[in-house]
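K.L.:
Starting off with a structure, shown below.
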Amino acid sequence: MDLNKISEQTIMYIVTAIAVMIIAVGVRYASVLGGVDVGTANLLFVIVLAVELVLYLLLHKSIDKATAFFVLRRKKSEKFKPSVLTGIAKERFEQSIAIFADYTKLAFADKLSGEDIERLCLYAELFAKEEELKNIAPIKVLSRKISNNDLYHYGWNLWNHSRSYRDDRRQECVVAWLKTVFDNLSAIETSTVKGKLTIFDSKCNITIQKNIFDYLRIIKG
């Protein structure tokens, strides 16, 4: 016999049977030592076995019910929590997108047309959601209104603001996004764009903002 194939439940039954038998035999032996005749001692042996069997079945049934109750309760709890957390996370994600859209409108208020700003907000949302930019019209920015360094900073701010919600948090993702969205950056080398995401430029209108929410709160008073 392969002992490894014996289940834990089978072992439990064997141990229980041995314990029950030892108790019944002990009662019979004690009865005989106490002067009880053999027939009565055997009857006591059978009665003790029967009582032990009934008690075991009742106890086993109670344990099964209690286990089933707690397992069901745990499953319901586990089933409920993710939906609640998912709802909360989704709400926070939508708020994060709305906050960055407000920031985008403020940053490009006098630099892009209203239509371009709306498109830029949509493109930023697609980046946060890790959705592909398909058949988009690149945005052209006049250099006298905004520099490439401003666009680099804007890209870094978008990456930093969105990375807690993204699976792919590499900066290369926002570099590709910048080169796709802004016509001014399409021909610039990827390594150059990445290297200048946080470039210091005192003349920049768009600066590095590590917390967009706090920045908007200060600007709006």
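Throughout, read-outs are computed from the coordinates displayed, never taken from laboratory work. Keep in mind that what you see is a predicted model, and the values were worked out from it rather than measured. A quick note on method: Cβ atoms are made from the backbone with ideal geometry, for glycine too, and the neighbour counts reach across all protein chains shown.
K.L.:
Calculated FRET efficiency, Ile47 and Ile14, Cβ-Cβ r, R0 25 Å, to nearest 0.05?
P.N.:
It comes to 0.60.
K.L.:
Using a Gaussian network model of the chain with C-alpha springs under 10 Å, which one of Ser113, Ser164, Ser31 is most mobile by mean-square fluctuation?
P.N.:
Top of the fluctuation ranking is Ser31.
K.L.:
Right, something else. List the residues, sorted by chain then number, that are 5 or more residues from Ile139 or on another chain and whose placed amide H is less than 5 Å from its amide H.
P.N.:
For Ile139, whose amide H was placed from the backbone, the distant partners under 5 Å are Phe182, Asp183.
K.L.:
To continue, here is another question. Convert each backbone phi in region 22-32 into a coupling constant with the Karplus relation 6.51 cos²θ - 1.76 cosθ + 1.60 (shift: θ = phi - 60°), then list the ³J(HN,Hα) values in order as whole Hz, x for Gly and Pro.
P.N.:
4, 5, 5, 5, x, 5, 4, 5, 5, 5, 4
K.L.:
For Lys129 and Ser202, what does the FRET efficiency come to when R0 = 35 Å and r is the distance between their Cβ atoms, rounded to the nearest 0.05?
P.N.:
0.55
K.L.:
How far apart, in nm, are two points set 7 Å out from the Cα along the Cα-to-Cβ line at Ala109 and at Val54?
P.N.:
8.6 nm
K.L.:
Pairs of alpha-carbon atoms within less than 8 angstrom and 6+ residues apart define the contacts here; what relative contact order does the chain have, in percent?
P.N.:
Answer for the chain is 16 percent.
K.L.:
While we're on this one: Can you tell me which of Phe93, Phe69, Phe108 moves the most in a GNM of the chain? Springs connect C-alpha atoms under 10 Å apart.
P.N.:
Phe69
K.L.:
Now a separate question. Using modelled amide H (1.01 Å from N, peptide plane; none on Pro or chain starts), what sits under 5 Å from the amide H of Ser147, excluding residues fewer than 5 places away?
P.N.:
Distant-sequence amide H within range of Ser147: Asn205.
K.L.:
Working out 0.36 nm times the residue gap between Leu216 and Ala68, then minus their Cα-Cα distance, what length gain in nm do you get to one decimal?
P.N.:
48.0 nm
K.L.:
Shifting gears a bit: Name the most mobile residue of Ala19, Ala66, Ala176, meaning the one with the largest mean-square fluctuation, in a Gaussian network model of the chain with Cα contacts below 10 Å.
P.N.:
Ranking Ala19, Ala66, Ala176 by mean-square fluctuation puts Ala19 first.
K.L.:
Two decimals, Cα atoms only, Kirkwood Rh: what is Rg/Rh over the chain?
P.N.:
1.54
K.L.:
Dipole of the chain, Cα-centred, from +1 at each Lys and Arg C-beta and -1 at each Asp and Glu C-beta, to the nearest 20 debye?
P.N.:
Dipole magnitude for the chain comes out near 440 debye.
K.L.:
Karplus couplings for region 202-218 from phi (6.51 cos²θ - 1.76 cosθ + 1.60, θ = phi - 60°), rounded to Hz, Gly and Pro as x?
P.N.:
Along region 202-218, the couplings run 5, 8, 5, 8, 9, 10, 5, 10, 6, 9, 5, 4, 5, 4, 5, 5, 6 Hz.
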